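Have a look at the structure below, then the notes.
The values are calculated or read from the model by the stated rules, or taken from the named source; none is laboratory data. Since the model is a prediction, treat every value here as computed from it, not as a measurement. Cβ atoms come from the backbone with ideal geometry, glycine included; neighbour counts cover every protein chain shown.
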């Protein structure tokens, strides 16, 4: 799984929510020389914190570790992965194996850099992952792994202090964790020529691995790529037996193989004592925010109460403000990017992972650290469509969900791959009932 260029700021166009009461505000601007009225209304939204449950597990990074936060809850996260064979690869004559390692590369991690961790690697010995299947975070590992074959384990810290600062400062440096695989595997890879005939033959030999943290907590690795790396040597000239050549070949886990993130022992924030004035967003354990838009109220105010029953939505903006905690001592920071999407569209959107998504309206917002807010603009066209459809269609629209995401643009920057965010993040936001500054949808409209 190679790192991809993270999306910057090239997004906009989704849906958002509202529900309001007597505190809704309306402002009318009517130029003295023109009969056109430009009106701005603010509608409070109805919100609730909901558990995400099982989410689509494809990610641009694999994740491994345990973490406990006193405010945002806890989780254990690990992964399953298969590997890609090397097409038409042939070992040189007089070759012999040296070592076979599972190698995980990562540039970033979260949590305690010096906490001692143990990683264990088990063989998938029941069935292989199916590349055409959609897998979710509650995948039953026992369906793929009997836990009878422990391939290897290792002790590590996220920040390896044996690496010099000179080496670490090199542009191509990447942190690694290596787990030595059994000698029987490397020897058979060298001697059984049938293994590298096809991907199916390779998976018959080795279905993949389940990698989990078996000791330690408060450290989460964000793994950019994972490989099986076989080192061997051969004699290029038998008349010179001392002239050895050493090579390493890589069996990668990449976009042509299945990689599945699995989460266990998930604990959400304590919602039983959550005040009505706030809502929670957390990842990867998954507390999302449901937003209910008061379409009947908006329709009455903007359409029915309008003399001509004909209006044009100029702009609609959802304002989501952080409810900062001065006494919070944890490490979690707010998610960088949120998406607002119809609850009914969540599964279809994330399984296809494309942005913009055909026939699925969406709106993105990037966190403004200076103002502690997420601003969702460009909701106007979608709201116009909803209102023009009339009250009988409002039930079909349903509620919306606010979800943290990660993603990457294509080379041209015209489309993106959007996925659930598995990096540890957390933020409290002001709810639709917050008395100081409630979550609200502001709509500006005018006569047609």
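Answer yes if at least one residue in the range 122-140 is assigned by TED's automatic domain parsing to the domain that holds residue 207, surrounded by 13 or more Cβ atoms within 10 Å (Cβ to Cβ) and assigned to a helix (DSSP H, G or I), and no otherwise.
No: the range 122-140 contains no residue that is assigned by TED's automatic domain parsing to the domain that holds residue 207, surrounded by 13 or more Cβ atoms within 10 Å (Cβ to Cβ) and assigned to a helix (DSSP H, G or I).
Test residue 318 against the stated conditions and say whether it is within 27 Å of residue 68 (Cβ to Cβ), in the same structural domain as residue 406 (by TED's automatic domain parsing) and at pLDDT 95 or above. Before you say what the answer is, go through the steps one by one.
On the way: within 27 Å of residue 68 (Cβ to Cβ): no; in the same structural domain as residue 406 (by TED's automatic domain parsing): yes; at pLDDT 95 or above: yes.
Spelling it out, it is not the case that residue 318 is within 27 Å of residue 68 (Cβ to Cβ), in the same structural domain as residue 406 (by TED's automatic domain parsing) and at pLDDT 95 or above.
When the range 86-105 is examined, which residues are found to be buried (at least 22 other Cβ atoms within 10 Å of the Cβ) and either within 17 Å of the chain's Cα centre (by Cα) or part of a loop (DSSP other than H, G, I, E, B) (or both)?
Taking the range 86-105 and keeping what is buried (at least 22 other Cβ atoms within 10 Å of the Cβ), we get 100, 102, 104.
Result: no residue meets the conditions.
When the residues of the range 293-323 are filtered to those that are loosely packed, with under 14 Cβ neighbours inside 10 Å and touching a strand residue (DSSP E or B) at 6+ places or on another chain (Cβ under 8 Å), which remaining residue is farthest from residue 433 (Cα to Cα)? Show your work before the answer.
At the first step, the residues of the range 293-323 found to be loosely packed, with under 14 Cβ neighbours inside 10 Å are 296, 300, 304-305, 307-310, 312.
This time we only want the ones that are touching a strand residue (DSSP E or B) at 6+ places or on another chain (Cβ under 8 Å), so: 308, 310, 312.
Values: 308: 33, 310: 31, 312: 29 Å.
My answer is 308.
May I ask you to list the residues in the range 115-170 that are over 25 Å from residue 216 (Cβ atoms) and touching a residue at least 12 places away in the same chain (Cβ under 8 Å)?
Those that are over 25 Å from residue 216 (Cβ atoms) and touching a residue at least 12 places away in the same chain (Cβ under 8 Å): 125, 126, 127, 128, 129, 130, 131, 133, 134, 135, 136, 143.
The rows are residues; the columns are (1) buried (at least 20 other Cβ atoms within 10 Å of the Cβ); (2) assigned to a loop (DSSP other than H, G, I, E, B).
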{"position": "370", "(1), (2)": "no, yes"}
{"position": "384", "(1), (2)": "no, no"}
{"position": "396", "(1), (2)": "no, no"}
{"position": "404", "(1), (2)": "yes, no"}
{"position": "417", "(1), (2)": "no, no"}
{"position": "422", "(1), (2)": "yes, yes"}
{"position": "429", "(1), (2)": "yes, no"}
{"position": "443", "(1), (2)": "yes, no"}
